[in-house]
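Okay, so here's the structure we're looking at.
Bear in mind that the values in this text are calculations on the coordinates, not laboratory data. Computed from a prediction, not measured in an experiment: that's the story for all the values here. Cβ atoms come from the backbone with ideal geometry, glycine included; neighbour counts cover every protein chain shown.
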Amino acid sequence: MTIEKRSFFLILVALFSILTYLHFTAKETVADKPFPDFGHYWSMSRLLMSGQDIWSGNRAVLDNYANLAKDNQFDLPVIPLHSIGFFLLVVPFALMPFPLAAIAWLILGHILFFAAIWLLIKTCRNKPTLEDWCISAFFIFSFWPLREQTHMMQPNFLILFFLALSVFLMLRNRMLLAGASLGFAIQIREYLAVMLLLLLLKKNWRAIIGVILAVILLRGAAIIAFGWPVEMSYWKYILSFGRAIHLSMHNFSFPAYIYRFGQGLLDRSLCSLFAVFSSLLFLGLSVFWTRKKGADISLIFSIFLVLCFLVAPWIHESHYVALYIPILICWFKLENNSKYSLFVIFVMSYLLLGLRYSLIGFPRFYYGAFSFFNFGKLLGVILLFLLVGRLILNDNKPENNVL
C-alpha cells in the first residue's frame, strides 16, 4: 500500500468511526427518555438546593424525587453514589428546565471530551501526525463504553478531562495544578483516590498539596451550600454501601465477579479472602513496577489508573471511558517496541474492553461456574494492567521521570 493510499485509508477509518458515533449521539438526543443518569443528577441537585438530605432515606425526600422523575420521564434508584462536591457542579444545570439542562450537559460534556482527547494526544506525542490523529480517533470512537456513556450521560467526560489534564501537567512539571486536577477527578468518582498512592510513593508533595487544595475548594463550597449534616449523611451511606459487594450484572468490578462466580461453589468468606488477596497482589505489582528508576511518568500514571478499576467495588461499563488514557499511552509506547507479544496483548485488551457484548439476557450465566463467560471485560482490564507494567519495565528514558 502506497503512502497516499495508507493516509486516505486512515482518514476513512477515522471519519467512519467519528460519524458513526455522531449518528448514535443524535439518536440518543431525540430519544423519548434521553440521558437517564443525568436526570438523576439533575433531580438530586434540585432536592439539595431546596435543603433536603438525599442520603437520609426520608420518605418525603423519596416522594419528592418520585414526583420529579414522573414529571420529567426518568426513573432511577433514588440514593446517589456521587458526593456533594459533584452535585455542586450540577447546580447550574439544575436551575434550568430538564430538557434544556440535558442538552447543555451534553454539549459541555462533549466540549470537555474533545479537549481531553487533544490533551491525551499531546501527552503521547508533542507533534502528532495525521496518522496519529486518525488512529487515535479509531480507538476512541469505536470503543463501545463511549456509547454507554453517551446513553447515560454520567460524568465520565468530566472525569476524563481532569485526569487527562493531570497527566498532561505532570509531564510539564506543573505539579500543583496537576494535583488539583486529580483532586477534582477524585471528588467526582472517589475510588480514584487510589491514585494518591502514586503521589505518596513518589513523595510529590506539591501534587499532594494540589489535591488537598482542590478538596478544600470544591468540598468546602459544597458544605457551605448544602450543610455539614448532608456531608455526614453522605459518608454514612457510602461507607455502608462499600461494605457490601453488589452482585448486579451491571457491576464490572473484580470483587463482584469473584462473588458471582463463587456463589453456590465457594464459601463467601473464601471469596472475600480471594478478593482481598487479589487487590493486594495488584497493588503490590503497581508499587514494584513504579519503583523502577527512570520510569516514564505517563506509564506510572496509567498503571495506578488501571489499578483503580481492579480494586473498586463498583464499576459500570461507561466508567471505562477513563481508560482511554492508558490505552492511547500504551499504543504510542508500543511504536518503539519490537515484541509482537505486547501488540497481541494490546489487541486482546482493546477488543475485550471495546466490543459490545453482554449475557445479561441469559440468567443462566449470572452466577456460579457459567458466570466465567462474563469475565471478558475484567480480563481486558487485567491485560491492560499487565501491558502497562511490562512497558514500565522495558522503558529506559530517565528524562521522563519528573515525579
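Structural remarks
- Rg and Dmax over the alpha-carbon atoms of region 249-403 stand at 16.5, 53 Å.
- Acute angle (nearest 10 degrees) that the helix 205-226 long axis makes with the longest principal axis of the chain, alpha-carbon atoms: 20
- For the options 360, 121, 303, a Gaussian network treatment of the chain with springs between C-alpha atoms closer than 10 Å singles out 360 as fluctuating the most.
- Cross-link table 27/377; 5/339; 202/293; 127/333, entries beyond 18 Å C-alpha to C-alpha: 27/377; 5/339
- Counting only the Cα atoms, the chain fills a convex hull of 151 Å³ per residue.
- GNM flexibility winner over the chain from 306, 321, 13 (Cα, springs under 10 Å): 13
- Rounded to 10°, Cα long-axis angle of helix 36-49 versus longest principal axis of the chain: 50
- Partners for residue 70 among aspartates and glutamates (Cα-Cα distance below 14 Å; same-chain residues under 8 apart left out): 32
- Of the peptides 204-210, 79-85, the order by per-residue mean of other Cβ atoms within 10 Å, starting with the highest, comes out as 79-85, 204-210.
- Helix 175-188 and the longest principal axis of the Cα set of the chain meet at an angle near 50°.
- Using the Cβ-Cβ distance between residue 280 and residue 357 with R0 = 41 Å, the FRET efficiency computed as 1/(1 + (r/R0)^6) comes to roughly 0.85.
- Value of D in µm² per second that Stokes-Einstein yields for region 1-160, Kirkwood Rh from Cα pairs, at 10 °C (1.306 mPa s): 90
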